[in-house]
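First comes the structure, then the notes that go with it.
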Amino acid sequence: MSFPADYEKILETGRPPNIQRLFPNSKALLVSGKVIDRALLEKSQAMTIAANGRSNIVIRGALKAAQRADAAIIVEIARSEGTYCAVNFFNIARQVDAICNELGITVPVAIHADHYGLKSEDDLPYAKMEIPSMFDAGVTSIAIDASHMTDDKNLLANIELNSLIPGWAGLETEVGEIKGDQGLSTVDDASFLIKGLNAHGISADWIALNNGSAHGIEASGQGIQVELTATIHEALSSYRVSGAQHGTSGNNSDKLRAIAGRTKTTKANVATALQMVAWGVEVNDYGNAIFDNDGSFRKVKGEGVTAELWEEMTNYAEKQGWQGGNYKKLNLPFESKIMALPRDVRERMSSRVEDFVHNMLTNVFNAGGTGAIARDILAGAGGYDLGPKAEQIENVADWTKELIIERAKTLDVDKGPEGDFDD
């Protein structure tokens with residue numbers, strides 16, 4: 001296994017303390033999410049994949065693609081995904097580290113806890129216990145998602161939990177639940193969140209918006225609103241926060257290129273597409289599943305899981321009443337059966353993910369070469385902590401709890417319909 005120049009030194013100084021403690025003999029360059037963000041910013045007009053590692057197969061394929069493209073990458077899992085996938089906050093770093101060492105992966109990789117969702121203030125006590133344990137388990141970046149709450153409670157929850165997040169770690173915050181074309185984020189609510197955090201000395205690396213995206217399979221045909229995203233990012237430019245694009249699966253490649261080229265987005269979440277690609281479902285060039293006339297997923301012969309296992313999976317889904325996006329719930333009951341498939345089948349599954357992700361990284365996201373940039377950033381810093389991107393601009397006296405509650409009442413926002421919207 002050959003290593004880039006100065007790799008051993010970067011490995012020694014660039015990995016955060018939790019990673020050094022967990023994997024003292026590892027050759028995998030697991031880093032803070034800040035490193036990934038800064039590398040994409042330095043390349044400019046580029047974003048990388050945040051691959052939702054719903055299965056070991058998906059993680060393998062995404063890491064192989066990143067190595068092939070020399071692209072800095074994020075591997076993530078959302079809190080809700082841990083309920084229907086074998087991968088969760090507490091084992092994802094171990095799987096990534098093991099795969100990196102097995103395959104000789106040398107690109108910088110961040111381990112991101114996506115959508116750490118809080119539905120109400122009642123969730124805060126458990127979060128205060130769980131978040132430190134997640135970092136103990138190897139997480140190097142986190143998304144605090146209190147967007148289901150009102151704007152004031154969202155901001156206050158972010159402030160309250162921040163002391164539990166290591167200063168070196170990547171930080172994402174979110175405004176506006178992902179509701180497709182309903183309840184779109186505005187300059188007002190995004191600025192409220194970022195300015196309030198800044199007043200309390202918190203510099204978020206990313207903000208996730210409701211900018212028209214939808215989790216799962218994109219059905220509306222509208223998808224991400226590029227101009228809205230660019231407008232909000234520009235309004236936040238003084239705070240140097242990057243964009244995190246959720247609901248990437250299903251948006252065509254030209255739209256994704258526009259997000260990379262015309263906004264300040266550096267992180268693009270891809271989940272459903274990778275799952276479908278791994279299983280051997282036929283997808284278009286940007287990952288939206290293709291259906292037969294009867295509404296069932298079209299399986300490519302000789303690709304993905306075996307025909308026998310696919311029949312078992314689809315029969316199981318039918319008995320459970322699962323259709324479309326709810327096929328994601330097959331991940332947990334079938335992970336062991338997938339991992340028991342012959343090696344050549346598992347390899348064709350991960351290779352299909354690799355090819356899909358490599359194309360996204362190099363031909364759509366413009367992320368190629370950011371692995372070297374990220375390593376150079378770490379070498380120049382001489383350590384794992386890159387510090388905040390933005391200085392404190394806002395006066396904390398203007399952002400007390402009482403004033404936050406009053407300010408929130410004046411915001412020009414439309415949160416859209418109530419409902420249990422997916423993370």
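A few comments on the model shown:
- Within straight-line cross-link reach of Lys153, lysines at Cα separation under 22 Å, skipping those fewer than 8 residues along the same chain: Lys119, Lys128, Lys179, Lys195, Lys401, Lys409, Lys415
- The tail of the calculated P(r) for the stretch 233-352, taken as Cα-Cα distances beyond 24 Å, holds 38 percent of the pairs.
- Ratio Rg/Rh [Cα only; Rh per Kirkwood] for the stretch 71-176: 0.99
- Highest average packing first - 378-385, 9-16, Cβ atoms within 10 Å: 9-16, 378-385
- Couplings 3J(HN,Hα) of the stretch 152-165, computed from phi: 5, 5, 4, 4, 5, 5, 4, 5, 5, 8, 4, 5, 8, 9 Hz, in residue order, whole Hz [Karplus 6.51 cos²θ - 1.76 cosθ + 1.60, θ = phi - 60°; x for Gly and Pro].
- Pairs from the list Lys27/Lys255; Lys9/Lys328; Lys9/Lys64; Lys9/Lys43 with a Cα-Cα gap above 32 Å: Lys27/Lys255; Lys9/Lys328.
- Taking each residue as 0.36 nm, the span from Trp322 to Lys27 lengthens on full extension beyond its C-alpha to C-alpha distance by 102.1 nm.
- The phi torsions of the stretch 283-292, fed into the Karplus equation with coefficients 6.51, -1.76 and 1.60 and a -60° offset, translate into couplings of 10, 7, 5, 10, x, 6, 5, 9, 9, 6 Hz, rounded to whole numbers, with Gly and Pro shown as x.
- Length released on extending from Ser238 to Ile393, taking residue separation times 0.36 nm less the Cα-Cα span: 54.9 nm
- Residues Thr400, Thr140, Thr362, Thr370, ranked from the fewest to the most other C-beta atoms within 10 Å, line up as Thr400, Thr362, Thr140, Thr370.
- Extension gain, Arg298 to Asn315: 0.36 nm times the residue separation minus the Cα-Cα distance gives 4.7 nm.
- Residues of the stretch 290-313 falling in the label zone of Asp355, defined by backbone nitrogen less than 14 Å from a point 7 Å along Cα to beta-carbon, are 300-305.
- Equivalent-ellipsoid semi-axes for the chain (Cα gyration tensor, √(5λ), whole Å, largest first): 32, 26, 19.
- Size of the stretch 2-43 as Cα extents on the principal axes (Å, biggest first): 31, 24, 13
- Sorting 148-157, 44-53 by their mean Cβ neighbour count within 10 Å, with the most densely packed peptide first, gives 44-53, 148-157.
- All Cα pairs of the stretch 330-423, percent lying beyond 21 Å: 72 percent
- A simple spin-label model places the labels of Asn91 and Thr13 3.7 nm from each other, with each point 7 Å out along Cα-to-Cβ.
- Considering only Ser32, Ile57, Thr106, and ranking their Cα positions along the charge dipole of the stretch 16-148 that arises from unit charges at the beta-carbon of Lys, Arg, Asp and Glu, the one farthest toward the positive end is Thr106.
- At an R0 of 25 angstrom, the distance between the Cβ atoms of Met129 and Lys401 translates into a FRET efficiency of 0.65.
- Between Ala379 and His200, the distance separating the two model label sites (each 7 Å from Cα on the Cα→Cβ line) works out to 3.9 nm.
- Once backbone amide H atoms are built at 1.01 Å from N, Ala78 has Asp114 as its partners under 5 Å, excluding neighbours fewer than 5 places away on the same chain.
- Only the Cβ atoms of Lys and Arg (+1) and of Asp and Glu (-1) were treated as charged; on that basis the dipole of the stretch 1-85 about its Cα centre amounts to roughly 180 debye.
- Estimated Rh, the stretch 125-201: Kirkwood, alpha-carbon pairs, angstrom: 13.3 Å
We did not get these values from a lab; they are worked out from the coordinates using the rules stated. Everything numeric in this text was worked out from a predicted model, so none of it was measured. We place every Cβ from the backbone using ideal geometry, glycine too, and count neighbours over all the protein chains shown.
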